[in-house]
Amino acid sequence: MTERPPRLGRTRLVAVDGPSGAGKSTFAKTLAAQLNATLIPTDHFATWDDPVAWWPRLRAVLDKIAENEEATYRMTDWSEGFPKPGEDRTIRPTEILVVEGVSSARKSIADKLTAAIWVELEDADERLERAVARDGEKSREHLTRWQAFERGWFAVDGTKARADYVVTSS
């Protein structure tokens, strides 16, 4: 990633996208650590009722970073298994910023991405079980609806087709 030029001001923006339960978070944490990058999960913005329309809040953060300015946002707190307003988080301009989560490589930001990485796990049932194991059995109904939504989202957005890299998790 570091050989590619920055496209978000001075920052190289890397998106790690793909369906829930595919292993995006694990991959993105490892990648961010290897690149000494700042990591922003889209879970800091999304809720069950608002899977992707929160984008203007994240875009405002990215716009500040593009201007080489700090940006502060209110995180969504998922610690009790349901979304509620969490703490504020300040992001400082950085050489590499990794944004991870469903819709992070959306078409509307493609021109600002240094790289788009698609993480997949083909077996939808396994992805659901992994997500339930992560979030708890009480989230199963929400996750089932979420995964149906994201299939439609990805089909319309064409996310995987635009990815620079495709990673298959196991």
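The values are calculated or read from the model by the stated rules, or taken from the named source; none is laboratory data. None of the values given here were measured: they were computed from a predicted structure. Because the Cβ atoms are built from the backbone with ideal geometry, glycine has one as well, and the counts that use them run over all protein chains shown.
Key figures for this structure:
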{"read-out": "Among the residues listed as A22, A66, the single one being buried (at least 18 other Cβ atoms within 10 Å of the Cβ) and in contact with an Asp or Glu (Cβ under 9 Å, 6 or more places away or on another chain)", "value": "A22"}
{"read-out": "Pairs with Cβ under 6 Å, 6+ apart, first in the stretch 48-59 and within 16 Å of E100 (Cβ to Cβ), second assigned to a helix (DSSP H, G or I)", "value": "P51/F149"}
{"read-out": "Matching entry among G136, G81 (being under 18 Å from T42 (Cβ atoms) and not β-branched (V, I, T))", "value": "G81"}
{"read-out": "Boolean, T76 is of a type in the set (S, T, Y), surrounded by 13 or more Cβ atoms within 10 Å (Cβ to Cβ) and farther than 18 Å from T47 by Cα", "value": "no"}
{"read-out": "Inter-residue pairs, beta-carbon under 9 Å, first at pLDDT below 90 and outside any helix (DSSP H, G or I) and in the stretch 125-147, second surrounded by fewer than 14 Cβ atoms within 10 Å (Cβ to Cβ) and of a type in the set (G, A, S), 6+ apart", "value": "G136/G81"}
{"read-out": "Unique match (being of a type outside the set (S, T, Y), surrounded by fewer than 18 Cβ atoms within 10 Å (Cβ to Cβ) and part of a loop (DSSP other than H, G, I, E, B)) among G86, G81", "value": "G81"}
{"read-out": "Test for A32: is it surrounded by 17 or more Cβ atoms within 10 Å (Cβ to Cβ), small (G, A, S), at pLDDT 95 or above and not in a helix (DSSP H, G or I)", "value": "no"}
{"read-out": "Single condition I109 does not satisfy, out of (1) surrounded by fewer than 18 Cβ atoms within 10 Å (Cβ to Cβ); (2) not in a loop (DSSP other than H, G, I, E, B)", "value": "(1)"}
{"read-out": "Qualifying residue in the stretch 52-63 (condition: assigned to a loop (DSSP other than H, G, I, E, B), touching a Leu at 6+ places or on another chain (Cβ under 6 Å) and either at pLDDT 95 or above or surrounded by fewer than 18 Cβ atoms within 10 Å (Cβ to Cβ) (or both))", "value": "no"}
{"read-out": "Filter result (in contact (Cβ under 8 Å) with a residue 24 or more places away in the chain and touching a strand residue (DSSP E or B) at 6+ places or on another chain (Cβ under 9 Å)) within the stretch 65-82", "value": "I65, A66, N68, Y73, M75, T76, W78"}
